[in-house]
Structures are given as structure tokens and as C-alpha cells.
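One structure is given here, and the rest of the page talks about it.
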Amino acid sequence: MCFSGDLFLIYCFMYDRCYGFFRRQIVLTVKEREPDRKDDPFLGEKLIAEAEGIFLWCLGGCTA
């Protein structure tokens with residue numbers, strides 16, 4: 001049989017019976033939410049407005 005690379009990978013993943021995926025999961029835990037905490041309903045818009053600065057900050061972290 002002749003498989004292209006993509007079809008072969010799909011075939012392998014469909015019939016893979018190992019538990020490697022589950023061994024690599026990391027469960028994230030979070031602290032309880034404080035009852036007097038105020039959430040910012042406009043946080044998304046503020047982050048979009050600062051997108052260029054956030055990108056430059058990330059880029060600076062990659063080159064440091």
C-alpha cells in the first residue's frame with residue numbers, strides 16, 4: 001500500500017492505543033475568587049488597544 005504522509009499520520013493517530021497524551025496533561029488549579037473582586041468588563045477592548053505594545057513587549061522578551 002502507498003500512503004501519502006498526511007494519510008499515514010491520520011491512520012497512526014486513529015489507531016494509537018498508548019496513553020502518552022494523557023500522561024502529558026497538566027491540571028491547572030486556580031485560587032478561589034475573592035468575593036469583593038471587581039472584574040473589568042472592558043478588559044478585551046483595553047487589551048486590543050494595547051496590542052502593539054503587548055507584541056513589542058513579547059518580542060523584547062524573546063530577544064533578551
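Things worth noting here:
- In order along the range 45-52, the phi-based Karplus estimate (6.51 cos²θ - 1.76 cosθ + 1.60, θ = phi - 60°) of 3J(HN,Hα) comes to 5, 5, 5, 5, 5, 9, 4, 5 Hz; Gly and Pro are listed as x.
- In terms of the mean number of neighbouring beta-carbon atoms within 10 Å, the peptides 28-34, 38-44, 49-55 order highest first as 49-55, 38-44, 28-34.
Quick note: the coordinates plus some simple rules give every number you see, no bench work behind them. Please read these numbers as outputs of a predicted model, since none were measured by experiment. We place every Cβ from the backbone using ideal geometry, glycine too, and count neighbours over all the protein chains shown.
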